[in-house]
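Visitor: Okay, here's the structure, questions in a sec.
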Amino acid sequence: MDLLNSNPQLPDLFFEFSCTTDITAIQQALKTLTRLKILTMNHVHITRKDQLSGVINNATVMQKLSFDDPSGISGDRCESLNGLTELGFRSDWNRNMDLVQGIELCLNLEDLKIPKGCPTDQIASTIKECCPSLGTVKRQNDSLEYKQVALLIWAPRRLLRFSGDMHMVRDGGRSP
């Protein structure tokens with residue numbers, strides 16, 4: 001952590017833990033990185049809702065935030081993330097049910113990767129209300145009904161790209 005503390009101008013950081021690790025192990029060091037533009041964290045566990053906000057609120061120039069296999073993600077107590085243009089989650093929705101709060105804070109979001117099992121209607125509504133610049137939506141590793149695909153395609157005002165596992169698309173529970 002001394003390496004991070006002594007490099008507060010670091011613009012890009014990728015953390016990967018071999019197993020799920022509580023964010024408190026790196027939280028203080030992350031708070032010092034005020035010039036951080038890109039943050040990617042893999043296998044991070046957030047035990048208190050204020051832990052993520054403590055990191056994100058200090059990095060006011062952050063443009064890209066990605067999580068792979070996180071748990072406990074929430075936008076609770078986070079300030080608006082106006083600089084954030086890319087937000088990505090690869091995880092199980094059931095371990096990150098407050099994720100919608102985080103999306104609501106990203107008013108200039110252009111690229112969104114949403115996790116398996118998320119409530120499509122809730123995400124689509126949030127996109128429509130809060131993300132006017134969103135151009136790319138990626139739905140990962142999930143079976144989708146046609147209605148869910150339509151909701152995600154029609155929610156952004158200026159969708160340029162949509163990707164999902166279309167070979168897994170199903171209609172009302174019937175396989176194509």
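The values are calculated or read from the model by the stated rules, or taken from the named source; none is laboratory data. Keep in mind it's a predicted model, so treat the numbers as computed, not measured. With ideal geometry, Cβ positions are generated from the backbone for all residues, glycine too; neighbour counts draw on all protein chains shown. Surface accessibility is based on the protein's heavy atoms, side chains included, excluding ligands, DNA and RNA. Shrake-Rupley method; radii C 1.70, N 1.55, O 1.52, S 1.80 Å.
Visitor: Can you name every residue in segment 100-112 that is at pLDDT 90 or above and open to solvent by less than 40 Å² (accessible area, probe 1.4 Å)?
Guide: Leu109, Asp111, Leu112
Visitor: Among the acidic types (Asp, Glu), over 14 Å from the mean Cα position of the chain (by Cα) and modelled with pLDDT of 90 or more: is that true of Glu145 in this structure?
Guide: In short, no.
Visitor: Also, I was wondering about something else. Mind checking which residues of segment 148-176 are over 19 Å from the mean Cα position of the chain (by Cα), at pLDDT 80 or above and among the basic types (Lys, Arg)?
Guide: Arg157, Arg158
Visitor: I would also like to ask the following. List every residue pair whose Cβ atoms sit under 7 Å apart, with the two residues 6 or more apart in sequence or on different chains, where the first one lies in segment 116-135 and is among the hydroxyl-bearing types (Ser, Thr, Tyr) and the second, anywhere, is part of a loop (DSSP other than H, G, I, E, B) and open to solvent by 50 Å² or more (accessible area, probe 1.4 Å).
Guide: Pairs that qualify, where the first residue is among the hydroxyl-bearing types (Ser, Thr, Tyr) and the partner is part of a loop (DSSP other than H, G, I, E, B) and open to solvent by 50 Å² or more (accessible area, probe 1.4 Å), are Ser133/Asn108; Ser133/Glu110.
Visitor: Next question, about the same structure. Looking only at segment 19-41, count every residue that is within 18 Å of Ser66 (Cβ to Cβ) and assigned to a strand (DSSP E or B) and tell me the total.
Guide: 6
Visitor: Then there's this: Which one of these is in contact with a strand residue (DSSP E or B) (Cβ under 7 Å, 6 or more places away or on another chain) and at pLDDT 90 or above: Thr47, Thr136, Thr126?
Guide: Thr136
Visitor: Pull out all pairs, ordered by first then second residue, where Cβ-Cβ is under 8 Å, the residues are six or more apart or on different chains, the first lies in segment 22-35 and is in contact (Cβ under 8 Å) with a residue 60 or more places away in the chain, and the second is among the basic types (Lys, Arg) and buried (at least 17 other Cβ atoms within 10 Å of the Cβ).
Guide: Listed by first residue and then by second, the contacts come to nothing, as the list is empty.
Visitor: Give the residue, chosen from Asn96, Asn42, Asn7, that is touching a Pro at 6+ places or on another chain (Cβ under 9 Å), modelled with pLDDT of 80 or more and not small (Gly, Ala, Ser).
Guide: Asn42
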